């Protein structure tokens, strides 16, 4: 039987490998992990196999590079939604919703989708109602396009061209080249925009909440029906969105 002294290093190595995959901005190969962690390929491959079998990692179907698995994604959602940890962020989101009078959400990247992990709904009778845990497409949502714009061009292009871009409304961008042009603009401006692209009659703006290495940890966004606030009117809240994002950066663990 393995004693505790022998088990801990193995467990910690597995956690370090998992951490590196989660922190990476793109899918990661075993060779890259071996070099970064100064571990043998054999050791890294063994750890990756165990993590994949446990559902903590998964591989891309084409390049066989590693991504966080469904179990890790579930843990991330639980951590981000934890009442004790999320209280300061939740308060910032509540204040933002009160100031704008609209639904405000926080979203994280979840593979080839975004996932809502926090939401404060507007008190208005006509509003967006998407529960926490909802998965939304990348190519036609404000947060999704912001995540795509933050990726390397090769990675974002691979995601965009992996399958036909689904049309949700008459405004959905379904041409990959046009979408890449849109992402270039979003990357320069630092603001994700949904101009009735996911839901007819609904618009949204999103800004990033950055981590220590200036990577996007998650987004904060405001949604509104066009009958109440068209997209240009929604832009007046950008300073408030950015203030909320700055506060969340300092208060979110």
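Relative contact order for the chain: what is it in percent, counting Cα pairs under 8 Å that are at least 6 residues apart?
15
Give me the tail of P(r) for the stretch 4-68 as a percent: Cα-Cα pairs with distance above 19 Å.
The proportion of pairs with Cα distances above 19 Å equals 23 percent.
What is the helix-to-structure angle for 70-81, meaning the angle in degrees between its Cα long axis and the longest Cα principal axis of the chain, kept from 0 to 90 and rounded to the nearest 10?
50
Considering all projection directions equally, how large on average is the shadow of the alpha-carbon convex hull of the chain, in square nanometres?
15.0
At 7 Å along Cα-to-Cβ for each site, give me the label-to-label distance between residue 35 and residue 250 in nm.
With each label placed 7 Å out from Cα toward Cβ, I get 3.9 nm.
Let a ≥ b ≥ c be the square roots of the eigenvalues of the Cα gyration tensor of the stretch 108-221; is it rounded (a/c under 1.5), or, if not, prolate (a/b larger than b/c) or oblate?
It is oblate, given that a/c is not under 1.5 and a/b is not larger than b/c.
I'd like the orientation of helix 41-53 relative to the chain: the angle between its Cα long axis and the longest Cα principal axis, in ° from 0 to 90, rounded to 10.
The answer is roughly 50 degrees.
Take the Cβ-Cβ distance between residue 226 and residue 63 as r, set R0 to 41 Å, and report the resulting FRET efficiency rounded to the nearest 0.05.
Efficiency at R0 = 41 Å is approximately 0.55.
Using only the Cα atoms of the stretch 163-247, what semi-axes does the equivalent ellipsoid have when each is the square root of 5 times a gyration tensor eigenvalue? Give whole Å, largest first.
22, 18, 10
Output the 0 to 90 degree angle, nearest 10, between the alpha-carbon long axis of helix 176-189 and the longest principal axis computed from the alpha carbons of the chain.
Once rounded, the angle reads 80 degrees.
Evaluate the distance, in nm, between pseudo-label points positioned 7 Å from the Cα of residue 184 and of residue 153 along their respective Cα→Cβ axes.
Distance between label points: 0.7 nm.
So what is the calculated 222 nm ellipticity per residue for the chain, using -39500 (n - 2.57) for each DSSP H run with n of 4 or more, over all residues, to the nearest 500 deg cm²/dmol?
-15000 deg cm²/dmol
Rank-order 194-200, 163-169, 18-24 by packing density, defined as the average count of other C-beta atoms within 10 Å over each peptide's residues, highest first.
The densest-packed peptide leads the list: 194-200, 18-24, 163-169.
Among 104-112, 50-58, what's the highest-first ranking by average C-beta atoms within 10 angstrom per residue?
Top of the packing list down: 104-112, 50-58.
Sketch the reach of a paramagnetic label on residue 200 as a point 7 Å from Cα along Cα-to-Cβ, and name the residues of the stretch 132-164 whose backbone nitrogen lies under 12 Å away.
Within reach of a label on residue 200, which here means backbone N under 12 Å from a point 7 Å along Cα→Cβ, the stretch 132-164 contributes nothing.
Can you put 132, 120 in order, fewest other beta carbons within 10 Å first?
132, 120
At what distance in nm do the modelled label points of residue 43 and residue 10 sit from each other, each positioned 7 Å from its Cα along Cα→Cβ?
Here the modelled spin labels are 1.4 nm apart.
No value in this document is a laboratory result; all are computed from the given coordinates. In this text the structure is predicted, and so the values were computed from the model without any measurement. Ideal geometry is used to build each Cβ from the backbone, glycine not excepted, and the neighbour counts take in all protein chains shown.
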